[in-house]
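The values are calculated or read from the model by the stated rules, or taken from the named source; none is laboratory data. Here the structure is a predicted model, which means the values were calculated and not measured. Note that each Cβ is placed from the backbone with ideal geometry, even for glycine, and that neighbours are counted across all protein chains shown.
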Amino acid sequence: MRSQIRLNTTLAALLLAVSNPLVASSFQGVILKGVIVENEAGGPPIANVQISAQDGASAVLSRSNGTFVLLVTKQPGEPLRLILQKPGMVVVNEWEREFNVPKPENARPLTFLLCRKVDLPEMMHRYNRVYVADRAVQKYQKKLEDSEAKRRAVEAENEWLRAQLATAIKVAATDKEERVKADELSDSNLHGVSPIRSFDPGVLNRLAALYRREGQPAEALKAYDEGLKVSRELAQKDPYTYQPYVVDTLNNRGDLMSELNQFGEALEGFNEALRISRDLAQKSSTYLPYVAMTQDNRAALFHKQNQVGDERAALDETLGLFRGLAQSNPIYWLHVAETLNRMGINNLDAKRRKEKRESFNDALLIYQRLERESPGQYGQEIEATRGLLEEVFNETLESYRELVKLDPGYRPNIADTLNDLGSLELDRNETGKARKNFSEAFGIYVALAKKSLGQYGQRALSIEGTLARLNPGPYQQEFESNGGVLEAAFNDSLNSYRKQGQNDPRYRSNVAETLVSLGILARDQNRMTAARDDFGEALAIFEALALAEKQHPGPAEWYSHQYDGKVKSTRRFLDDLTEIRKP
């Protein structure tokens, strides 16, 4: 977990134990273990906290030492929302109740902090402060470990390359002696042997890389040139084996030329590599990665030369190739994410702001999935991409604020962008900024919902729920005021639907939908009796509509099941409310 908790030896052993699958012939569930403590990390354990889930787990109680063991019957990867219930107390790290069920071998101990509602703002502040500090320590420890591992790997590779170079020199010297003897025996050079004809051309590429790391570009260029010569000679006799070496060397040499600002020569090498790799890929899809790699290098070169159009064309093909390759080999998803980020940076024109945001967002989703699969490996990429997204949102917000001065029709765009920015800031643990942006967005949505509830009511309700879960903090008064305005708008709509429903039964569904919205709003405002009444009435209406739909004459395929879904979702609202609030 994110925080270190001082407990006795028995409890520490329990927390360090990794959950295992139940031993059975078929899947029976995943065991989640954890502990409940009061207020903050290191606080006293809390007994008799009821832990359950919306679905997928039976309720259990925490023991006297705060520990609990919960059997989850959902499959790994499925979403799970835990419910923690203790009269008079609320969860500090509330957002950690929702997660995907881990694989049994990856299940980690859980820790939840509970406090009195009046103490929640202070406890959240303490928790966030400790979490940020811990993450910073972990981040730099990981960087130091990675750096040290890379240093050792580079040293080992350098020693190996030097040994290979010494071998190559000996081979070349021996071959030279053989050529001299052959010349003495014959006037022709038919028996001559190329200095490194039997030498792996890939070694010369790695030798050049060593020279580049040691800051010797002239020596690196000589190694690349020799490697290119050897590769071309070998490719004449065995093209399918050695043409990929030609492509690799051309790409590496081109990259060096780009570093030396010799762009023309770099592009010439990349273009030749692209022609060869395309020819290979036409014969076998095995060579598609060479096309993608070469186009990626061309895009980087065009970026240095500020050739935006050419860069975008190269990135488009690179992205398509990597996406296709990732379908059969997940290792290429990392290349997809990197290319998406570069495409986002390429879209500097304000007219392409939407494409830029979509590129960064898609890249972020991929990095987050990779991080879930390999924890601790992609944190830097996630943070960097979030930073790029934040720049886009702020830039977009500034633009819309100017436009709204001329046309109020841009107010929804401001609210949408504030909502996106707040969500991103929440992911980055910037709670204060997130509260501010969510609060402003909520106010705009509420004002819009007063005039057009059907278009903006659900947006207002959604962000109201986000702000309620986050805790409005200094914006509490504004939050309550806007909540009252939104409730009045829903009540006006409900009264209208009730009147229309007296003459037209089709409006009964609208009545139920509006009651659900009012129930959600009442729940978020901690008015549990009103919420229970609203959900209960809505459930009764949906159940009656579902029954009428089933009894409607006609073929079975005409039955749409739409009200069955409404019944299930509304019952879930009601059950969740009861489980959370019952004594």
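How many residues does the stretch 530-579 contain that are β-branched (Val, Ile, Thr), buried (at least 16 other Cβ atoms within 10 Å of the Cβ) and at pLDDT below 80? Outline the logic, then answer.
Restricting attention to the stretch 530-579, the residues satisfying the condition of being β-branched (Val, Ile, Thr) are 541, 567, 570, 578.
From what's left, buried (at least 16 other Cβ atoms within 10 Å of the Cβ): 541, 567, 570.
Remaining after also requiring at pLDDT below 80: none.
Result for the stretch 530-579: 0.
What residue, among those in the stretch 222-275 that are closer than 17 Å to TYR287 by Cβ and hydroxyl-bearing (Ser, Thr, Tyr), is surrounded by the fewest Cβ atoms within 10 Å (Cβ to Cβ)?
So, considering only residues that are closer than 17 Å to TYR287 by Cβ and hydroxyl-bearing (Ser, Thr, Tyr), the one surrounded by the fewest Cβ atoms within 10 Å (Cβ to Cβ) is THR241.
Mind listing just one residue for me: the one in the stretch 318-331 that is in contact (Cβ under 8 Å) with a residue 24 or more places away in the chain and of a type outside the set (Val, Ile, Thr) and, of those, nearest to THR286 (Cα to Cα)? Please lay out each step first, then the result.
The first filter runs over the stretch 318-331 and keeps only residues in contact (Cβ under 8 Å) with a residue 24 or more places away in the chain, leaving 318-319, 321-322, 324-325.
Subset that is of a type outside the set (Val, Ile, Thr): 319, 321-322, 324-325.
Details: LEU319: 17, LEU321: 12, PHE322: 13, GLY324: 12, LEU325: 10 Å.
Once the filter is applied, the top-ranked residue is LEU325.
So, in the stretch 433-467, how many residues would count as being under 25 Å from the mean Cα position of the chain (by Cα) and either part of a loop (DSSP other than H, G, I, E, B) or under 27 Å from ASN510 (Cβ atoms) (or both)?
Adding up the residues that qualify gives 8.
List pairs: first in the stretch 437-463 and surrounded by 16 or more Cβ atoms within 10 Å (Cβ to Cβ), second not in a helix (DSSP H, G or I), Cβ under 7 Å, 6+ apart or cross-chain?
SER439/PRO472
Within the bounds of the stretch 214-227, is there any residue that is closer than 29 Å to LEU340 by Cβ, in contact (Cβ under 8 Å) with a residue 12 or more places away in the chain, among the acidic types (Asp, Glu) and assigned to a helix (DSSP H, G or I)? Break it down into steps so the answer makes sense when it comes.
Taking the stretch 214-227 as the starting set, the residues that turn out to be closer than 29 Å to LEU340 by Cβ are none.
The answer is no; no qualifying residue exists.
Starting from the stretch 46-75, take each residue that is closer than 18 Å to VAL91 by Cα and in the same structural domain as GLU98 (by TED's automatic domain parsing) and list its partners that are in a loop (DSSP other than H, G, I, E, B) and of a type in the set (A, V, I, L, M, F, W, C), counting only C-beta distances under 6 angstrom and pairs at least six apart or across chains.
Final answer for the pair search is GLN50/ALA59; SER52/ALA59; SER62/ALA47; SER62/VAL49; GLY66/ILE46.
Just to verify a result, which residue in the stretch 468-490, among those that are part of a helix (DSSP H, G or I) and touching a residue at least 60 places away in the same chain (Cβ under 8 Å), is farthest from the chain's Cα centre (by Cα)?
Step one: list which residues in the stretch 468-490 are part of a helix (DSSP H, G or I), which gives 468-470, 473-490.
Then keep just the ones that are touching a residue at least 60 places away in the same chain (Cβ under 8 Å); that gives 469, 473.
On the way: ARG469: 22, GLY473: 28 Å.
Once the filter is applied, the top-ranked residue is GLY473.
Look at the stretch 17-57 and say how many of its residues are surrounded by fewer than 15 Cβ atoms within 10 Å (Cβ to Cβ), touching a Leu at 6+ places or on another chain (Cβ under 6 Å) and modelled with pLDDT of 85 or more.
The number of residues fulfilling the criteria is 1.
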